[in-house]
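S.K.: Take this structure first; my questions come after.
No lab work stands behind these numbers, since they all come straight from the coordinates. Model, not experiment: these values are computed from the prediction. Here the Cβ is made from the backbone with ideal geometry for all residues, glycine too, and neighbour counts use every protein chain on show.
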Amino acid sequence: MKIELKKIDFSNHELIIIRSDNTTEKTILDTKTYLLHDICHFYVEQELKTSDGFWGMLAQGYRLEQLFGKTNQLTEKLRIIESIVGGTQSVFSNHMNETDFWNYLKSTEFSKTDSGFLVKVIPRITEFMDEWKYLPIGKTIILNF
C-alpha cells in the first residue's frame, strides 16, 4: 500500500492511501493530533512485521472510518498494537521511560519483542518528523506499507 502525506499548511495534512488493488481513500487531518501517532503506528507495525495494526488493516481493505476513534471494536490485536504505539510515542516524546515501556510490553503477546525494538523505531520516527518539519507546504512524503 502506498501512503501519501501532503503538507497542506502548518496545521493540516492530506492522507491518501492507495491499496494494491488500486482502491484509494483520502482525508484531511489535523497534523498536531494525528501525524506523530500515525507515523509511530507505521514504524511500530513495520518493526513488528504485523498486518493487525492500523496500516495493516487499511492495506487489507478496512476503511478509514472503521479504524478512526477510540470506540472501534475491530480486534483485540489492534488494541494491543495501539497500546504499544502509545507507549512508543510516549518514549519518543519523553513522557515515558524505556523501563516502564518494557514493563508494559511484558503483559502483551509481543513480550518477546526484540530488546532493540525502541533503538530501531525511535530513530526512524525522529528522521521522519525532522523531514516533515522542513517539508515545504504543498509537498508530499510517500511511504510504502
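S.K.: Please compute the length gained on full extension between S90 and Q66, using 0.36 nm multiplied by the number of residues separating them and subtracting their Cα-Cα distance.
M.R.: Full-extension gain reported as 6.2 nm.
S.K.: Pairing the Cα long axis of helix 76-92 with the longest principal axis of the chain, what angle in degrees results, from 0 to 90 and rounded to the nearest 10?
M.R.: The answer is roughly 90 degrees.
S.K.: Among L78, P123, H13, whose Cα sits farthest toward the positive end of the charge dipole of the chain (+1 at Cβ of Lys/Arg, -1 at Cβ of Asp/Glu, about the Cα centre)?
M.R.: Of the candidates, H13 comes out farthest on the positive side.
S.K.: Measure nothing fancy, just the Cα-based angle from helix 31-48's long axis to the longest principal axis of the chain, in degrees from 0 to 90, nearest 10.
M.R.: Rounded to the nearest ten degrees, it is 60.
S.K.: Still on this model: Which aspartates and glutamates, if any, have their Cα less than 12 Å from the Cα of K2, not counting same-chain residues under 8 positions apart?
M.R.: Filter leaves D21, E25.
S.K.: Compute the FRET efficiency between N12 and R79 as 1/(1 + (r/R0)^6), taking r as their Cβ-Cβ distance and R0 = 25 Å, and round to the nearest 0.05.
M.R.: 0.35
S.K.: So what is the diffusion coefficient of the range 2-144 in µm² per second by Stokes-Einstein at 20 °C and 1.002 mPa s, using a Kirkwood Rh over Cα pairs?
M.R.: Value of D from the Cα-based Kirkwood radius: 136 µm²/s.
S.K.: Moving on to the next point. Counting only C-alpha contacts under 8 Å and six or more residues apart, can you give the relative contact order of the range 25-145 as a whole percent?
M.R.: Relative contact order comes out at 32 percent.
S.K.: Here's another thing I want to ask about it. Counting only other residues whose beta carbon sits under 12 Å from that of L35, what net charge do I get with K and R as +1, D and E as -1?
M.R.: 0
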